[in-house]
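**Student:** Below you'll find the structure I mean.
The values are calculated or read from the model by the stated rules, or taken from the named source; none is laboratory data. This is a predicted model, so every value here is computed, not measured. So basically every Cβ, Gly included, is an ideal-geometry build from the backbone, and we count neighbours across all protein chains shown.
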Amino acid sequence: MEMKNIIKYFLSLILFTILIINCNSSVSSVENPEWVKNLILKFETEPVGNPPQSIWQYEYKSQIVYYVPPQCCDEYSNLYDKNGELICVPDGGITGRGDGLCPDFFQDRKNEKLIWKDKRER
């Protein structure tokens, strides 16, 4: 095999690898609403949480929703609709049961998808 073909082969292999890695990314900004992109940017400017901040997408009551888990102990989680409006607080707080407005969220949610997770080191 001549050198020119070897170089083409390795360049093709590198390009293919980059495409595969990008396709497997846990964050797809193309399909995320603008408010989710802005929330991610906000989280990236804040100190790293413990556990690291994350955003999850589910189907709940026949609609797409976004769940942001609590960062610690008695802090609240947030559940948003597709437009970024707060639906309820599913868990957290002193009782650990949130605001009580969506007590069936954890039982009825479907199609879990990690949208974003902070990968920075603490």
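**Student:** List the pairs whose first member sits in the range 101-122 and is on the phi > 0 side of the Ramachandran plot, whose second member is surrounded by 12 or more Cβ atoms within 10 Å (Cβ to Cβ), and whose Cβ atoms are under 8 Å apart, counting only residues at least 6 apart or on separate chains?
**Tutor:** Qualifying pairs under 8 Å: Asn111/Gln57; Asn111/Tyr58; Asn111/Glu59.
**Student:** Here's something else I'd like to know. Among the residues in the range 78-93, are any loosely packed, with under 10 Cβ neighbours inside 10 Å, within 17 Å of Ile64 (Cα to Cα), in contact with a strand residue (DSSP E or B) (Cβ under 8 Å, 6 or more places away or on another chain) and of a type in the set (Lys, Arg)?
**Tutor:** No, the range 78-93 contains no residue that is loosely packed, with under 10 Cβ neighbours inside 10 Å, within 17 Å of Ile64 (Cα to Cα), in contact with a strand residue (DSSP E or B) (Cβ under 8 Å, 6 or more places away or on another chain) and of a type in the set (Lys, Arg).
**Student:** When you look at Lys61, is it of a type in the set (D, E, K, R), surrounded by fewer than 18 Cβ atoms within 10 Å (Cβ to Cβ) and either at pLDDT below 95 or more than 14 Å from Lys117 (Cα to Cα) (or both), yes or no?
**Tutor:** Considered against the rule, which asks whether it is of a type in the set (D, E, K, R), surrounded by fewer than 18 Cβ atoms within 10 Å (Cβ to Cβ) and either at pLDDT below 95 or more than 14 Å from Lys117 (Cα to Cα) (or both), Lys61 comes out as yes.
**Student:** Do the conditions hold for Ile87, that is, is it touching a residue at least 12 places away in the same chain (Cβ under 8 Å) and out of contact with any Leu (no Cβ under 7 Å at 6 or more places or on another chain)?
**Tutor:** no
**Student:** Something else now. Identify all residues within the range 84-119 that are in contact with a helix residue (DSSP H, G or I) (Cβ under 8 Å, 6 or more places away or on another chain) and over 14 Å from Glu59 (Cα atoms); write none if there are none.
**Tutor:** The answer is Gly84, Cys88, Pro90, Asp91, Trp116, Asp118.
**Student:** Continuing with the same structure: So which of Leu114, Leu101 is hydrophobic (A, V, I, L, M, F, W, C), in a strand (DSSP E or B) and out of contact with any His (no Cβ under 6 Å at 6 or more places or on another chain)?
**Tutor:** Leu114
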